[in-house]
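**Q** First the structure, then my questions, so here it is.
We did not get these values from a lab; they are worked out from the coordinates using the rules stated. Just so it is clear, the structure is predicted and the values come from calculations on it, not from any experiment. Note: ideal-geometry Cβ built from the backbone for every residue, glycine included; neighbour counts use all protein chains shown.
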Amino acid sequence: MKRKELIKKYIDFFKLKKHKEIPNFSLVPENDSSVLYTTAGMHPLIPYLLGQKHPLGERLCNVQRCLRTQDIDKIGDEVHHTFFEMLGNWSLGNYWKKEAIKYSFEFLTKILKISKEKLAVTCFKGNKYIPKDEESKKIWESLGIRKERIKFLGEKENFWIAGETGPCGPDAEIFFWTSRRKPPKEFNPGDKNWVEIWNNVFMEYEKQKNGNFIKLKQKNVDTGMGVERTLAALSNLEDDYLTECFFPIIKKIETLSGKRYKENKEETKAMRILADHIKASIFIINDGVLPSNTEQGYVLRRLIRRAVRYAYKLGIKKITEIAEPIFEIYDDYNLKKNKEKIISELEREEKKFLKTLEKGLNRFKKLASQKKKLSGKDAFLLYQSFGFPVEMIEEEAKKAQIFFRREDFEREKEGHRVLSRTAAKGKFKSGLVGNNMEVTKLHTATHLLNQALREVLKKDIFQRGSNINEERLRFDFSFDRKLTPEEIKKIEEIVNEKIKENLPVECKEMNLEEAKKVAKGVFDEKYKSLEKIKVYFIGDFSKEICAGPHVKRTGELGEGGRKFKILKEESSSFGVRRIKAALV
Ligand code: SER
């Protein structure tokens, strides 16, 4: 079966079961700090899983692009990927276990025509808070899955939560027998031939910060089926990289490297990593992220640099050549529209990395000529100042026959992480730099601008950066085209209107979960370490998570007859616009 056909079959099936299709959202989650990237289809649905009404109803489905980097070390085997597509169906307080399991079973056996002899399931065995999931087991049995094929496992395997807190619950995972050999009667979840293809999460709990589980207002179902794995299963392939989602990339790598896939274990692994990382990088750049040293940009940088290293190992000197087939495989994503941009970003990062490596290598040689042992500090310097990956430090040390222990490096790195976290907290608490009245006014103006943008552009604008000095504010936000003069005028009018209304600016403190429910804002790393978060309300016009400070009333911005004016609107980076504005 073809990828597009599988996706269509899934969506059509659930539409028939009265589900509404929701969009395939960006890899960069909006206003959700629990993850840097969308790791599952449920991320954009968190408020609705918690009880808010979804405009499309209680039964939803989609195909969602996802990115998971927690398994990055597993990439290289047959079934793990950083980027993948997930098919999902949801019940938001609507149907429950019986219907969910029946739908899964019907789709697998009737639509995909998979024999039930090739299926097995794991259910949750319970813990001190939540009972064993006997109910799911009975439903699977009633559908004809033999009891030898149903196993109970613990929290690690059969309890699903996206981050540390939030909606969660026991799950039932469906496994497929991938080997050409006859499936054994008894299911052993540890046997690699059984591959998990679909997960049904029964979300009826919310995990709180103190570790307690409370019951949600409603019982939800959240399912996720891996497109790549399912395609492999349907074609009797034991390797996702042989499906159409990867094989054209692998072929290109073969041509460029002159090496054959599956001939040599190490090279096969390198080919898979390379194919996976280039694909992930393309999708990330397409969603507006650029390589950098923080957050999403840092993940992208690591993926590209890792790809470059593996390309070199395979004798490929230019990673962009590998990118070509990806634009064809995923022509339904409109990647081609941004092709030039994507390729140039990949090229730029590759060059940067090579320069860095050269410098790092020189530094390494210098150190190596002076010492017999490379300390954790030396290695950390190479890593931090020269971007030298630790694996390369290990390799170079081996070549130069210098003693080096990776643990020393890891210890040093951890020490720095703690230090920088503390520093970040301090900086955050001290609020804005150059904290004077002009800056404070422009800060409040930034909030008004942000909300006015949302109203005029009718989009959930996502703040990408803000910088304020005494003269002007600068605001970067996610949006993919130039604003029209009419839109600019309208935005200015709204902000000036709100200044005239002399709205009160109030600050309320709340914990992260509450804050996320009520307000917009940039939920990033810095908030995670704080107990209480400030949310600024400007009348009932704007609500934003923010550390302040702000003026007391919006009228202060208009004192002396001043008006809010947009000085410039331009592109800041790909998919990001920049506005400079002032009170004049
Ligand atoms: N959220 C669950 C998962 O990722 C089901 O989609 O497995």
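**Q** How large is ³J(HN,Hα) for each residue in region 225-239, as worked out from phi by the Karplus curve 6.51 cos²θ - 1.76 cosθ + 1.60 (θ = phi - 60°), to whole Hz, x for Gly and Pro?
**A** These are the phi-based 3J(HN,Hα) values: 10, x, 5, 4, 5, 5, 4, 4, 4, 5, 9, 6, 9, 8, 9 Hz.
**Q** Next up: Where a ≥ b ≥ c are the square roots of the eigenvalues of the C-alpha gyration tensor, would you call region 10-58 rounded, which needs a/c under 1.5, or, failing that, prolate if a/b is larger than b/c, or oblate? If you can, show how the numbers build up before the last one.
**A** Working: a/c = 2.86, a/b = 1.57, b/c = 1.82.
Oblate, since a/c reaches 1.5 and b/c is not below a/b.
**Q** Rank these for me by crowding, SER136, SER142, SER466, going from fewest to most other beta carbons within 10 Å. Write out the running numbers ahead of the final one.
**A** Values: SER136 25, SER142 12, SER466 19.
Ranked by crowding around the Cβ, least crowded first: SER142, SER466, SER136.
**Q** Follow-up. Out of every Cα pair in region 107-254, what percent are spaced more than 23 Å from each other?
**A** Values: 4591 of 10878 pairs.
The proportion of pairs with Cα distances above 23 Å equals 42 percent.
**Q** So, one more: What FRET efficiency would be calculated for the residue pair ARG405, LEU381, taking the C-beta separation as r and a Förster radius of 25 Å, to the nearest 0.05?
**A** Details: r = 16 Å, r/R0 = 0.63.
Once rounded, the FRET efficiency stands at 0.95.
**Q** Could you please tell me the mean projected area of the C-alpha convex hull for region 305-387, averaged over all directions and given in square nanometres to one decimal? Could you put the intermediate results ahead of the total?
**A** Details: hull surface 27.4 nm².
It is 6.9 nm².
**Q** Another question about this same structure. In a shell of Cβ-Cβ distance under 12 Å around ASN212, excluding ASN212 itself, what net charge do Lys and Arg (+1) and Asp and Glu (-1) give?
**A** Numbers: positive: LYS128, LYS207, LYS209, LYS215; negative: GLU206.
Net charge around ASN212: +3.
**Q** Debye calculation, C-alpha points only, no solvent: report log10 I(q)/I(0) for region 109-178 at q = 0.20, 0.28 Å⁻¹, in the same order as the q values.
**A** -0.84, -1.25
**Q** To the nearest Å, what is the center-to-center distance of region 98-129 and region 47-96, using C-alpha atoms only?
**A** Between the Cα centre of region 98-129 and that of region 47-96, the gap is 17 Å.
**Q** Give me the net charge of LYS441's neighbourhood, meaning all other residues with Cβ under 10 Å from the Cβ of LYS441; Lys, Arg count +1, Asp, Glu -1.
**A** Values: positive: ARG562; negative: GLU438, GLU470, GLU556, GLU559.
Net charge in that neighbourhood comes out at -3.
**Q** Work out from phi, with θ = phi - 60° and the Karplus expression 6.51 cos²θ - 1.76 cosθ + 1.60, the ³J(HN,Hα) of each residue of region 285-300, listed in order in whole Hz, and give x for Gly and Pro.
**A** 5, 4, 8, x, 9, 10, x, 7, 9, 10, 6, 4, x, 6, 4, 4
**Q** So if R0 is 30 Å, what FRET efficiency would THR484 and GLU30 give, r being the distance between their Cβ atoms, rounded to the nearest 0.05? Let's see the in-between values first.
**A** Working: r = 24 Å, r/R0 = 0.79.
Step by step, r from the Cβ atoms, then E = 0.80.
**Q** Go ahead and run the numbers for FRET between LYS147 and GLU328, Cβ-Cβ distance against an R0 of 51 Å, rounding to 0.05.
**A** 0.65
**Q** Cβ neighbours within 10 Å, averaged per peptide: list 16-28, 119-131 in order, most packed at the top.
**A** Working: 16-28: 16.8, 119-131: 19.2.
Highest mean packing first, the order is 119-131, 16-28.
**Q** Which of rounded, prolate or oblate describes the chain when judged by the alpha-carbon gyration tensor and an a/c cut-off of 1.5?
**A** Values: a/c = 1.75, a/b = 1.21, b/c = 1.45.
Verdict is oblate for the chain.
**Q** Under 1.5 on a/c is rounded, so check that first for region 460-506, then, if it is not, pick prolate when a/b is larger than b/c and oblate when it is not; a ≥ b ≥ c are the square roots of the alpha carbon gyration tensor eigenvalues. It would help to have the intermediate numbers written out before the result.
**A** On the way: a/c = 1.73, a/b = 1.22, b/c = 1.42.
Cα axes put region 460-506 in the oblate bin.
**Q** Just to check, using Stokes-Einstein with a Kirkwood Rh over alpha carbon pairs, what's the diffusion coefficient of region 214-295 at 25 °C and 0.890 mPa s in µm²/s? The partial results should precede the final answer.
**A** Working: Rh = 15.4 Å.
The calculation lands on 159 µm²/s.
**Q** Report relative contact order for the chain in percent, whole number only (criteria: Cα-Cα under 8 Å, sequence separation at least 6).
**A** 10
**Q** Ignoring everything except DSSP H segments at least 4 long, calculate the 222 nm mean residue ellipticity for the chain; use -39,500 (n - 2.57) per segment, divide by total residues, nearest 500.
**A** Numbers: 18 runs with 237 residues, N = 584.
Helix-only estimate at 222 nm: -13000 deg cm²/dmol.
**Q** By counting other Cβ atoms within 10 Å of each Cβ, how are LEU216, LEU448 ranked from fewest to most?
**A** Numbers: LEU216 18, LEU448 25.
Taking fewest neighbouring Cβ atoms as first place, the list is LEU216, LEU448.
**Q** Modelled label-to-label distance, LYS552 and LYS413, 7 Å Cα→beta-carbon offset: nm?
**A** In this crude label model, LYS552 to LYS413 measures out at 5.1 nm.
**Q** Take LYS102 and GLU506, extend 7 Å from each Cα along the Cα→Cβ direction, and tell me the distance between the two endpoints in nm.
**A** The two pseudo-label positions are separated by 4.9 nm.
**Q** Residue-wise, which Karplus ³J(HN,Hα) couplings in Hz belong to region 92-108, taking 6.51 cos²θ - 1.76 cosθ + 1.60, θ = phi - 60°, and x for glycine or proline?
**A** 9, x, 9, 6, 10, 3, 4, 5, 4, 5, 4, 4, 4, 5, 5, 4, 5
**Q** For region 454-472, list residues with backbone N below 12 Å from a point placed 7 Å from the Cα of THR294 toward its Cβ?
**A** Under 12 Å, as judged by backbone N against the label point of THR294, lie 464-467 of region 454-472.
**Q** Sticking with this structure for a sec: Pop a pseudo-label 7 angstrom from the Cα along the beta-carbon direction at both LEU354 and LYS339 and give the gap in nm to one decimal.
**A** Inter-label distance under the simple model: 2.3 nm.
**Q** For region 30-82, which trypsin sites (Lys or Arg not before Pro) are both in a DSSP coil and crowded by at most 16 other Cβ atoms within 10 Å? The partial results should precede the final answer.
**A** Working: sites: LYS53, ARG59, ARG65, ARG68, LYS74; in loops: LYS53, ARG68.
Of the trypsin sites (Lys or Arg not before Pro), the ones in loops of region 30-82 whose Cβ has at most 16 other Cβ atoms within 10 Å are LYS53.
**Q** Quickly rank 166-175, 99-108, 146-155 as a protection proxy: mean count of other C-beta atoms within 10 Å, highest first. All intermediate terms of the calculation are to be shown ahead of the outcome.
**A** Details: 166-175: 24.2, 99-108: 20.1, 146-155: 15.9.
The most tightly packed comes first, giving 166-175, 99-108, 146-155.
**Q** Determine the relative contact order of region 304-393: mean sequence separation of Cα pairs under 8 Å and six or more apart, normalised by residue count, in whole percent. Intermediate values should be presented prior to the final figure.
**A** Numbers: 44 pairs, mean separation 23.1, N = 90.
Taking the mean separation of contacting Cα pairs over the length of region 304-393, I get 26 percent.
**Q** Quick one: net charge of PHE364's neighbours, Cβ under 13 Å, K/R +1, D/E -1?
**A** Values: positive: LYS359, ARG363, LYS365, LYS366, LYS371, LYS398, LYS399; negative: GLU358, ASP378, GLU394, GLU395, GLU396.
My count for the surroundings of PHE364 gives +2.
**Q** While we're on this one: Give me log10 I(q)/I(0) at q = 0.13, 0.15, 0.18, 0.26 Å⁻¹ for region 270-350, Debye formula, one equal scatterer per alpha-carbon, no solvent.
**A** With no solvent term, the Cα-only Debye profile gives -0.34, -0.46, -0.66, -1.33.
**Q** Sort THR446, THR320 so the one with the fewest other Cβ atoms within 10 Å of its own Cβ comes first.
**A** In order of increasing Cβ crowding within 10 Å: THR320, THR446.
**Q** Once the cut-off is 14 Å, how many percent of the Cα-Cα pairs in region 532-584 end up in the long-distance tail?
**A** Working: 952 of 1378 pairs.
Here the long-distance tail beyond 14 Å is 69 percent of all Cα pairs in region 532-584.
**Q** List the residues of region 256-296 whose backbone N lies under 14 Å from a point placed 7 Å from the Cα of LYS459 along the Cα-to-Cβ direction.
**A** 287-289
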